[in-house]
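The values are calculated or read from the model by the stated rules, or taken from the named source; none is laboratory data. Computed from a predicted model, the values in this text were never measured in an experiment. No Cβ is skipped: glycine too gets one built from the backbone with ideal geometry, and neighbour counts run over all protein chains shown. Note: accessible area is taken over every heavy atom of the protein model, side chains too, but ligands, DNA and RNA are not part of it. Shrake-Rupley method; radii C 1.70, N 1.55, O 1.52, S 1.80 Å.
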Amino acid sequence: MYYSKNSIKLKYYLIELVYLNPTIFRLFETSSVIFSLLFKVNYILIKKALFIIPPEVHLLDINGPAHIFYEAKEFGAPLELHFVSLNNQIEIESSAGLHFNRLEHFDKFELSQNDIIFIPGMEYRLLSDAHFLESISPFLKWVNTQNKNGADICSVCTGSFLLAETGILNKNRCTTHWKYYEEFSERFPLVELEKNRLFVTTNNIHSSAGVSSGIDLSLYIIEKYFGTKMALEIAKEVVIYFRRSASDPQLSIFLQFRNHLNHRIHDAQDYLMNNLADTPTNEDVADQVYMSKRNLTRLFKKTTGITVGEYLQKLRVEKAVALLSNGHKVSAVAKECGLKSVNQLRYLLRKHRGILPMEIQSLKD
């Protein structure tokens, strides 16, 4: 079966449009044949996801992303998963002693913009071994070719060193594991290293800080191609809430505004999420994180890219959507979100109408 790259995402957008517009909903409701045909069209191109297995690979760097993509496939994403050697070995021993076997050779694949490569971290002694790097030069050239073909290329942890060896990071931004900032900067002075990010994306090149942040990056890629709903469902399925409190209702807020390593701003975001009903002020938040109000507002905007007030508004919208989709009354939702009236809630939802998930119901109190 073949699928189009954007049709799953388009499906979710169409569903949201239908459910959010009563006129369109009634039209589709009375035209069940059209509705059925719309969602039975099979013209989606299958995406290949290649997981590179280098010698002495770090297990979580590869297993975390691989499992996220496995879950995406289980949820219906058109994916093929391949586990690939960067040399002619079909069996590789990980840094922890676990063996991978029956690996495929990289040069059997010619990828396109529909496809994804994950390059995980490995023991640094190999990354600094000139003989090893020379032995994998065909692989590095192959990665460069796939980049030119438009494939998404993702590194996890010290996998960024292999990515940098190809030259495709030159004059681009990336990140890597915090322990190797100095070594990376010395070896690759043409790369703009960002030291305070869980992951960094530039066009089709993506890098993550290491270990669990590879899972964050994987969810980002899933959201990019298959929509927020699928990414959220996968996060729930595997019980993953990285950099979030248990009450955070939406994955997109996490991905857009928590992609940083400033612990005090994370604490401020956690406090806001856990205290929406109490209508927290900037002074309240500043007291919680032991900062002045002025310093909080400055650092919050610098770190997240939005103001405290804008972040609070987005949290309220997302929490309202989650509560309404579970059948809560509008008046109760408004109170739970720290809003003064139902009208204020309706205003917020109208303002952010374009990002509401398909489960949101018509507001009737």
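Placing unit charges on the Cβ atoms of the charged side chains and taking the dipole of region 39-161 about its Cα centre, the candidate lying farthest along the positive direction among G97, A130, P120 is P120. What does the charge count near S218 come to, summing +1 for each Lys or Arg and -1 for each Asp or Glu among other residues with Cβ under 12 Å from its Cβ? In short, -4. With 0.36 nm allotted per residue and the present C-alpha distance subtracted, the A332-Y70 stretch has 90.5 nm of extension available. What is the sum of charges around V285, taking Lys and Arg as +1, Asp and Glu as -1, for the other residues whose C-beta is under 12 Å from the C-beta of V285? So the environment of V285 carries a net charge of -4. Residues within the reach of a label modelled at A96 (point 7 angstrom out along Cα to beta-carbon, backbone nitrogen below 15 Å), restricted to region 61-85, are 61-68.
For the pair S185 and L59, a Förster radius of 35 Å applied to the C-beta separation gives a FRET efficiency near 0.85, rounded to the nearest 0.05. Length gained on full extension, E80 to Y290, computed as 0.36 nm times the residue gap minus the Cα-Cα distance: 70.7 nm.
Report the calculated FRET efficiency for H263 and L133 (r = Cβ-Cβ distance, R0 = 51 Å), to the nearest 0.05. The calculated FRET efficiency here is 0.90.
At the residue level, E104 shows approximately 50 square angstrom of accessible surface with a 1.4 angstrom probe and all protein chains present.
Computed extension length for A277-Q89: 62.0 nm, one decimal, from 0.36 nm per residue of separation with the Cα-Cα distance subtracted. Within the same chain, aspartates and glutamates fewer than 8 places from K171 are excluded, and of the rest, those with a Cα less than 20 Å from its Cα are D152, E182, E183, E186, E192, E194. How large, in percent, is the carbon and sulfur part of the accessible surface of region 96-192 at a probe radius of 1.4 Å? That fraction is 48 percent. The residues packed around I205, meaning those with a beta-carbon under 10 Å from its beta-carbon, carry a net charge of 0 if Lys and Arg are +1 and Asp and Glu are -1.
Think of a 1.4 Å ball rolled over the protein heavy atoms: region 72-216 then has 45 Å² of accessible area per residue.
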